[in-house]
Each structure stands twice: as C-alpha cells, then as structure tokens.
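The values are calculated or read from the model by the stated rules, or taken from the named source; none is laboratory data. Because the structure is a prediction, the values reported are computed rather than measured. Don't worry about glycine lacking a Cβ; one is built from the backbone with ideal geometry, like all the others, and counts go over all protein chains shown. Side chains included, ligands, DNA and RNA excluded: accessible areas come from the protein's heavy atoms. Shrake-Rupley method; radii C 1.70, N 1.55, O 1.52, S 1.80 Å.
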Amino acid sequence: MLVNSKELFVSAQKKEYAIPAYNINNLEWIKYILQACNEDNSPVILAVTPLSIKYFGGYKIVSNLVKDLIEQLNIRIPVVLHLDHAKDFYSCKNAIDNGFTSVMIDASYSSFDENVFVTSKVVNYAKKYNVSVEAQLGSFGDDANSYYCSNADECKEFVLSTGIDSLAPVVGNAHGLYKDEDQIDFVLLADICKAVKIPLVLHGASGLDDNKLKTAIFCGVTKVNISTDLMCAWANSVRKYLENDKDVYDPRKIIIPAMDCVKEVIHRKNKIINSKNKL
Ligand SMILES: [Zn+2]
C-alpha cells in the first residue's frame, strides 16, 4: 500500500521509533528492500534522488515499478515513495504528478528567505495532492565531514513559515562514508526537536554505530536515511564474486548474492531503527 509519510510519522513519534528510508537504484533494489521490510513488518520509505530517477528512465517508470512490485510481491506494509534532495519546485511537481507520495525540497544551498520561498511553493502544491514535504536547513559540503550546522531558532522560524511536515537539520551528519568519526551534535539535535515539534530526518545515517543511531532516535529523529551502507554491501559482494569466479557471465548469478547481502543489512538496520514498532 502506497501512503504518504504523515501518519507513519505520528505513530513513530508517539512510540519513539523511526521509519527507515532506503535509497533505490534499480529494479532489484526496490524488490529486495520491499521484501526485507515486509518480512520485518516494518513500514518503509523508498527514497530516490533526481539523478537516480534519470538513471531509471523517468518519474513515471519509478512510480509504476514501485506500484507493480508492491502488487506482484504481495507487499503488506505501508510504503512511501519519496523524492530525495530535489533542488527545485519543478522536480517536486513532476514527482507529485507521477504518483510520488512524499517529496524533499532541498533549497539549503540558497539564503534562508529563498529557502522559505521555494519550500512554501512546494508545500502549497503538495497539499492539494496529500503529499508530505520534507525540507532542509543547514547544508552538507561536497565531502563527508564538511557541513554547515542548523540553528534551533532558525529551524523553528523555518517550520512555522513553510508548513513542512518534516525537517532535515544538519547537525554534524554527512553523506557518504565518514572519513573520521562522525561529529553528530546530539544536544543540538534534541534542541531542534524541542523547538520545531515536527518529525526530524537524519541524513547520512550510514556508518553510524548502533548506539548513535538509537541516541539520534531518542533525541527526536523519526526518519533515518540509509544509502551508502547498502551500496557498500552490494559492491563488496560483487567484487568478491567476480574475483572468486573468473568464468561467470550470467548477471543474475553475480547480482542475486549481492542483493542478499543488501537484504541482510536492511534486516539489521530495521531491528535498530524500529524495534518499538508494533504494526
Ligand atoms: Zn541526504
């Protein structure tokens, strides 16, 4: 069942668990993420960036693939189809017009006022279609470990001015692999949570140890984004398979064990992210 994220977040916030968001890269990723989460009875957010949408072949293809796989695989859990890190209004509109149930407008590269303007425009459009909206304050640099942190008062003003459903603050988290140890500021995270009251999203949760993930959820994180951990599991498996078998040429033989490794990571993450969930 394809749903928006609002109701999932309400229930997660009440019971202090979070909803996992896994990035999808192709058909196999959709299939295995859906199956793994269905086995765990965990709601899931399938996140897809504009670049990945281009790789898939367009918004409509992604939306149809997700809907068809939910039906064909008899998936019983609530599923959110989410546009991740869209930089402009038209990407969000395109996603909404093609059946996405959640969008993230990331105008964090611009000034506060411009961010409010673009985000509000997306919220107004999304409301008509009952689509949830996530936005970001603070920004990530090009490298992991380079970022510009959010500020709790600004976050509060931003949420009140835009009417977004969830906020992705930057609190020392980063995309990709952390070069050194992550620098997550849990005090700032808890302050922002208290100030804004709406669900918080943690980007760049790959590579965080289990305790840090649990602490982030305790501090108010309701959506946990994981991508790199899955890609590393996949790449390590493919690398090993090809090294061990120099004659293999059937892609299914190479890809299926790699997807099983991805599934294992998902099961492990789900256990930490929504252990208190009783669907
Ligand atoms: Zn992100």
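For the stretch 63-79, in order, what is each residue's ³J(HN,Hα) by Karplus, 6.51 cos²θ - 1.76 cosθ + 1.60 with θ = phi - 60°, in whole Hz (x at glycine and Pro)?
Going residue by residue, I get 4, 5, 4, 5, 4, 5, 5, 4, 6, 5, 8, 6, 7, 9, 7, x, 10 Hz, with x marking Gly and Pro.
At 7 Å along Cα-to-Cβ for each site, give me the label-to-label distance between residue 256 and residue 113 in nm.
According to this spin-label approximation, the distance is 6.0 nm.
Among the DSSP beta bridges whose two residues both lie in the chain, what percent are antiparallel, rounded to the nearest 5?
Percent antiparallel among DSSP bridges in the chain is about 5.
How tilted is helix 251-273 with respect to the longest principal axis of the chain? Cα atoms for both, answer in degrees (0 to 90, nearest 10).
Between the helix axis and the principal axis of the chain, the angle is about 40 degrees.
How big is the stretch 6-273 by Rg and Dmax over its Cα atoms, in Å?
18.1, 60
Which residue fluctuates the most in the chain, going by a Gaussian network model with Cα springs under 10 Å, if the choices are 169, 199, 257?
257
Tell me the per residue accessible area of the stretch 77-156 using a 1.4 Å probe; a whole number in Å² is fine.
42
Would you kindly state how much longer the chain becomes between residue 149 and residue 124 on full extension, computed as 0.36 nm times their sequence separation minus their alpha carbon distance, in nm to one decimal?
6.3 nm
For 89, 117, 218, give me the order by solvent-accessible area with a 1.4 Å probe, most accessible first, ignoring ligands, DNA and RNA.
So the residues, ranked largest to smallest area, are 218, 117, 89.
Would you mind telling me the share, in percent, of accessible area of the chain contributed by carbon and sulfur at probe 1.4 angstrom? Working shown, then result.
On the way: 6770 of 13090 Å².
Carbon and sulfur together cover 52 percent of it.
Could you report the accessible area of residue 268 in Å², rounded to 10, computed with a 1.4 Å probe on the protein chains as they sit in the structure?
140
Which FRET efficiency, nearest 0.05, do residue 235 and residue 211 yield, Cβ-Cβ r, R0 25 Å?
0.45
Under a GNM of the chain (C-alpha, springs under 10 Å), which listed residue has the highest mean-square fluctuation: 166, 150, 42?
So, out of 166, 150, 42, the one fluctuating most is 150.
Where nothing but the Cβ of Lys and Arg (+1) and of Asp and Glu (-1) is charged, how large is the charge dipole of the stretch 6-273 around its Cα centre, in debye to the nearest 20?
On the way: 29 positive and 34 negative charges, 167 e Å.
Charge dipole, the stretch 6-273, about its Cα centre: 800 debye, nearest 20.
Take the Cβ-Cβ distance between residue 76 and residue 157 as r, set R0 to 51 Å, and report the resulting FRET efficiency rounded to the nearest 0.05.
Plugging the Cβ-Cβ distance into 1/(1 + (r/R0)^6) gives 0.80.
Could you size up the charge dipole of the stretch 1-125 around its Cα centre, putting +1 on the beta carbon of Lys and Arg and -1 on that of Asp and Glu, and report it in debye to the nearest 20?
Around 180 debye, computed over the stretch 1-125.
Which one of 60, 179, 156 has the biggest mean-square fluctuation once the chain is modelled by GNM with Cα springs under 10 Å?
179
Residue separation times 0.36 nm, minus the C-alpha to C-alpha distance between residue 180 and residue 60: what's the value?
39.3 nm
What do you reckon, how do 234, 29 stack up by accessible area (1.4 Å probe), largest on top?
Output order, biggest surface exposure first: 234, 29.
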